[in-house]
Amino acid sequence: MERKHALCPFQELKWKETTQLVSRAMEEIENSKRSKPNLVWLELNGCTGNTISMMDGQDPDFQYLLTQMTNFIYSNSLLAAQGAQAMDQLFDIIGDEYILAVEGAVSRKDNGLYHIIGRHEGREITGLEAAIRLGERATHIISVGDCASYGGVSAARPNPADCTGISDVVNRKVIKLTGCPCHPDWFMGTVAYLILYGEPPLDDTDRPLMFYGITIHDRCPRRSYYDSGIFATKLGEETCMFMLGCRGPVTQIDCPIRKWNGHVNWPIGDDTPCIGCAQFGFPDAMEPFITYDTMRKE
Amino acid sequence: MAETIVINPVTRINGFMEIVAEIGKNTVTDARTKGMMFRGFEKMLTGRGPLDAVYFTQRICGICSTAHSMAASLALEEALGIVPSEQGRYLRDLLHACEFLQNHLRHLYQYTLPDYVKLPEGYPLFKTDHNDYRLPAEVNERMVNDYFESLEYSKNAHKMLAILGGKAPHNHGVFIGGITSPITVDMIIAIKSILFGIEKFITEKMLPDVYEIAAYYSEYYHFGGGYGNLLTYGCFQHYKELGTLYVDPYIYTNEQYSHFDPDLITQSDEYAWFNEANDPDREKPEAYSWIRAPRYNGVPFEVGPLARQWLSGEYRHGISVMDRTIARVLEAKKITQIMNTLLENLIPGVTMQQEYEVPTQAYGRGLIDTTRGALGHWLSIEDKKILFYQIITPSAWNLSTQTGEKKGTAEQALMGAPVKDQNMPVEIGRIIRSFDPCVSCATHVVIPGKMDKIIQVV
């Protein structure tokens, strides 16, 4: 279902960017110009929402990622094997080339003991140790979601587990896909770009410009209400939610044109404010998510 | 002679878990389930704006985020003195039902199936660590197809959720008063159309698949039951005109049914990594997990689809690994029926939202059954901020640590189970996965303060 807003041809082109990139990458893999990259999905301290979001992907969908685009080596959520064999499978990849996708935060408290990913050769492996060992040897690192990118909700004040993003524990470039969760298109498009051309053009916080260049406010379908000063006073209204605390003006992401879950809807389409989940600083810097006080003061 | 088996990680669950089991004479003689991750949401919530809890607590869990938005909204409604309209309740429950379908589909196919069905080993993810595969080749092949085909329908369950709630995971729709956006006729027909496809898949594929697995692994009807204590807070229930569409709050213990009393919930941290000040402490002697120990009337209980199917009278075949797995699928079918009823009773265009004022001081409790079972949020507000927030999740009930000599629910389910080959303890994973564990949900701390009045802490 395409809801409420027709797209202009340019915008339509933009949200199909991932599909086009992926089909070109696949063409080249099929023509043996390129090989399927190994993909290791390392889950750290978080909610697994990014794995779930990837499974919600459409064109390309998750099955395509799993069976056609990559050699999917490891995922705590999906691996058939368990225990020692699972850990062997994870660490045996070291020495080969692989893209490391990380979801969840690195917990540093008590030297990483707040998050154990498994037992390898009898020893507890912390998320911190796994992030460093696998991160330093990967061809590329992609942090998927806020927790992996800078700590996100896992690092929310007072940050009880001393969580942070993987870029704080490995000494190298991390491509950051912020968002809570990360949209499947942002991840699959980035992987396709890596296969075709290597590292995509990034903004000054290492996010791919093709997804993160423009604020929600700049492309918001409710922009005319803002410009005319027509503001919603409660949720469920079809006007501008700036006064309810909308973070669209500071959040650089393509939600207004891409939307979610097969392009059917998005938070502003659901008559709620953007809470800035794709911007660094979420959640602490984006609070309160919803406020009625701004209007009351007037 | 007893031998110790350690499984870590237990894959195909949500979050991180270790199981330590003692095996003597091919039988589990002792077992511990350990939650291996901790973030501390209750500590983070203290001092935040109360309304933000609806979106914030969803980040506890990516596969059941809607559950937390439900419990948080219910707790806030009590604190703010808001009674949602029936239309608001229908829509919110409809949104919640989408999550049940997403979850149950993924649990059966992506999390459970690889225990019984040999997936194509050409893919590294599907390399196996045991050889107890019993399905004939053509049945196995059909189920491999269903593994992949199911992805379309679990994704579509989230698509329905997004139509009602903006996006999934971590929706924006569930809120105080119902959902945020009024429903329109085009949304209703879109949901009906998607639901039609999901229902067809459940009836034609999912139900036959689970019964076929059960036929080839029939001894799994005979172990993994545990205490047989069942509990539900109720869900899809107590509508003014529609009555109860699924299950009311009930408990079942010692083969007796009784009404549920929320004041009998307690929580202990005797064997959890928390010290006397309730701060996390990985060095605590005797402790072995981040998961505390919720009890009802001092006793461990099982929560989830089997508890609900049993307590609603829908399915009372037995309490075991296979019954738990079948109950989840039967529940998926039941949920589609409930959704159809709710859809038939929607009135388009009804607004549910108002401007809410956060009280200076208030207390609220939100108890509801969610995909994995009974979920509770308790909060108190002071100076218009959260003073205290407590979460007891379904997986905390099912994966709790022991209290005294009394084992947690899943630990007890492992006791006495057969393990044919200690080098391939496939039985243990199958038992644990039948509970659909979610460890990212289960690990929580208690904030010192006024909680004694809210939940008695042992």
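The values are calculated or read from the model by the stated rules, or taken from the named source; none is laboratory data. Predicted model only: the values in this text are computed from it and were never measured. Counting neighbours? That spans all protein chains shown, and the Cβs are built from the backbone with ideal geometry, glycine included. In case anyone asks, the SASA skips ligands and DNA or RNA and just uses the protein heavy atoms, side chains included. Shrake-Rupley method; radii C 1.70, N 1.55, O 1.52, S 1.80 Å.
Quick notes
- For chain A, dividing the convex hull volume of the Cα atoms by the residue count gives 134 Å³ per residue.
- Annotation note: trypsin sites (Lys or Arg not before Pro) in segment B:347-422 located in DSSP loop regions with a Cβ neighbour count of at most 16 within 10 Å are B:K384, B:K420.
- Centre separation in Å (Cα based) which lies between segment B:82-106 and segment A:42-92: 28 Å
- Per-residue [θ]222 nm for chain B (sum of -39500 (n - 2.57) over DSSP H runs n ≥ 4, rounded to 500): -10500 deg cm²/dmol
- Rel. contact order, % - alpha carbon contacts under 8 angstrom, at least six apart, segment B:3-457: 26 percent
- Among B:W310, A:W260, the order of accessible area from largest down is B:W310, A:W260, computed with a 1.4 Å probe on protein heavy atoms.
- Furthest towards positive pole of dipole, A:I257, A:I290, A:T233, structure part segment A:217-296, Cβ charges: A:I257
- Rg to Rh, two decimals, where the protein assembly as shown supplies the alpha carbon set and Rh follows Kirkwood: 0.94
- Global size of segment B:3-457: 21.3, 65 Å for Rg and Dmax (C-alpha atoms, Rg to one decimal, Dmax whole).
- Here the accessible area of chain B is 49 percent carbon and sulfur, with a 1.4 angstrom probe and all protein chains present.
- Buried on assembly, segment A:260-281 (at least 30 Å² less accessible surface than by itself, 1.4 Å probe): A:W260, A:N261, A:V264, A:N265, A:P267, A:D270, A:T272, A:I275
- In chain A, helices alone account for a calculated mean residue ellipticity at 222 nm of -7500 deg cm²/dmol, with every DSSP H run of four or more residues adding -39,500 (n - 2.57).
- Interface between chains A and B: roughly 7100 Å² of accessible area buried, both sides summed (probe 1.4 Å, protein heavy atoms only).
- Nearest-10 value in Å² for the accessible area of B:R89, using the 1.4 Å probe: 50 Å²
- Carbon/sulfur fraction of accessible area - segment A:217-296, other protein chains in place, 1.4 Å, %: 51 percent
- Start at zero, step by 5 Å, and the Cα-Cα distances of segment A:217-296 spread as 3, 17, 27, 27, 19, 6, 1, 0 percent across the bins.
- Accessible solvent surface per residue of segment A:9-211, calculated while the other protein chains remain in place, 1.4 angstrom probe, Å²: 32 Å²
- Comparing the full protein assembly with the isolated chain, the residues of segment A:60-79 losing at least 10 square angstrom of accessible surface (1.4 Å probe) are A:D61, A:F62, A:Q63, A:L66, A:T67, A:N71, A:F72, A:I73, A:N76, A:S77, A:L78, A:L79.
- Taking A:I132, B:I7 and ordering them by how much accessible surface each has at a 1.4 Å probe, largest first, produces A:I132, B:I7.
- A:R123 contributes about 120 Å² of solvent-accessible surface, heavy atoms of the protein only, 1.4 Å probe.
- Chain-alone versus full-assembly comparison, segment A:89-135, residues with accessible loss of at least 50 Å² (1.4 Å probe): A:L113, A:Y114, A:I116, A:R119
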